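The values are calculated or read from the model by the stated rules, or taken from the named source; none is laboratory data. Remember, it's a predicted structure, so these values are computed and weren't measured experimentally. Positions of Cβ are generated from backbone atoms using ideal geometry, with glycine treated the same way; all protein chains shown enter the neighbour counts. The area values use the complete protein model at the heavy-atom level, side chains included, leaving out ligands, DNA and RNA. Shrake-Rupley method; radii C 1.70, N 1.55, O 1.52, S 1.80 Å.
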Amino acid sequence: MAEKPSRGLADVVAASTALSDIDGRAGRLSYRGYDIHQLAGAASFEEIAYLLQRGAPPSRAELAGYREELAAGRATGALAAASLPAVARAQGPMAALRGLVSLAAADDPDAASNQPGPNQRKAARLTAQQPILIAAYEAERTGRAAPRADPELGLAANFLLQVTGQRPGPRTAEIFDTCLVLHADHTMNASTFAARVCAATLADMHSAVVAALGTLSGPLHGGANEQVMRGLEAIRNSAAGDPVDAVGDQVAARLRQGEKVMGFGHRVYKTEDPRATHLRRMSEELAGQGDDTYYRMSRRMEEVVLAEKGLYPNVDFYAATVYHYLGIPTDLFTPVFSASRMAGWTAHIIEQHADNRLIRPDSEYIGEHDLTWVPLDQR
């Protein structure tokens, strides 16, 4: 008798990749062999996007050239720009981005080619355009004009400028840049796998990215950071006394009733998610610049969940308060994730196209056998 299939393909190796690797027991993540603890705070997001998409760390000249590519690639095209007002009125952020990225393909000169050169150029343009699309969507739905991108600023700083309307300080921009680095790739997660399945049919890069965006929009993959923030806000708003005490009491009660608390546990990591280590520190730093209530609530929640369930925070938990302190609207948290993960998605698509085989797994049939069909007039 054949072995039962793995539910959700757990522990099934679905592809080979040179892009990222996880050691779940040791709590390690690396990009192309570089440990995330070396990269966070030391490498810019542009350097990491180049590393993932082009295979090696850039030289100074290569990084300068790549930044010029990003700056030149910000324009999303006439069709996406013309459709933005109607899309922003009719759709939420993730659905809007799914459509806008698809529309941007119409004006991409390399859209139809999966060759290495065109794919690298499209990867840079998609990486440049995603934060622009998010900021443009936010400006359109709020009825204000987004500031123009500043050529002196990097991708992270320009995003904060355009979304919040305020020029970020150097350290604020550095913190957000580190967030983008931490989220850039993460092996064969659901959205990356969806992108590779699509790319394996020899669909173009924009189509594969749209598949990834659609997958990320599902609440079992994306959205946990938003749910973490909304949960903290709900407890704070309803607390009769100290919200830190309230969060401890409410979370302990929920866990004892068998309820799930968002932002904890991970399918791969058996110890602390290494990305959470950096996000916790950044949340604490930002909290120290003003109202630190949400950070203190988060710390108390972390203590309770570890004591009650032995679960550690994952990347989504402290990302929520970091993004909140940076002034990013809560329903844009998952779109922000997509702006970062665009570096990894496009790199995986390049890798799939370079050594392709159609991804076509088997399935186990569990339905009935040998039934007899009765025509309608005989029933």
Checklist entry - What fraction, in whole percent, of alpha-carbon pairs in the range 72-171 exceed 18 Å separation? => result 48 percent
Next on the checklist: At a 10 angstrom cut-off on C-beta neighbours, averaged per residue, how do the peptides 306-313, 111-118, 213-220, 183-190 rank from highest to lowest?
Outcome noted: 183-190, 213-220, 306-313, 111-118
Checklist outcome for this item: Once all protein chains are kept in place, Ser16 shows an accessible area at probe 1.4 Å, nearest 10 Å², of 100 Å²
Checklist entry - Of the accessible area of the range 22-86, with the probe set at 1.4 angstrom, what percent is carbon plus sulfur? => result 51 percent
Item to check | CD proxy at 222 nm, helix term only [per DSSP H run n ≥ 4: -39500 (n - 2.57); per residue of the chain; nearest 500] | outcome: -18500 deg cm²/dmol
Checklist entry - Sorted by mean Cβ packing within 10 Å, highest first, what order do the peptides 225-233, 317-325 take? => result 317-325, 225-233
Next on the checklist: Give me the tail of P(r) for the range 215-270 as a percent: Cα-Cα pairs with distance above 18 Å.
Outcome noted: 43 percent
Item to check | q = 0.23, 0.30 Å⁻¹, the range 66-124: log10 I(q)/I(0) [Debye, one scatterer per Cα] | outcome: -0.94, -1.18
Item to check | Prolate/oblate/rounded call for the range 3-87, Cα gyration tensor, a/c under 1.5 rounded | outcome: oblate
Item to check | Computed Kirkwood radius, in angstrom, where 1/r is averaged over Cα pairs of the range 288-344 | outcome: 12.8 Å
Checklist entry - How many angstrom lie between the C-alpha centres of the range 72-100 and the range 303-379? => result 23 Å
Checklist entry - Amide H neighbours of Leu311 under 5 Å, counting only residues 5+ apart in sequence or on other chains, H built in-plane at 1.01 Å? => result Leu306
Item to check | Two-decimal Rg/Rh across the range 280-379, once Rg and the Kirkwood Rh are taken from alpha-carbon atoms | outcome: 1.31
Checklist outcome for this item: Under the Karplus relation with 6.51, -1.76 and 1.60 and θ = phi - 60°, whole-Hz ³J(HN,Hα) for the range 274-283, x at Gly and Pro, equal x, 6, 5, 4, 6, 5, 4, 4, 5, 4
Next on the checklist: Taking amide H atoms as placed 1.01 Å from N in the peptide plane, list the residues 5 or more away in sequence, or in a different chain, whose amide H sits under 5 Å from that of Ser20.
Outcome noted: Arg32, Thr187
Checklist outcome for this item: Net charge near Pro57 (other residues with Cβ under 12 Å of its Cβ; Lys, Arg +1; Asp, Glu -1) is 0
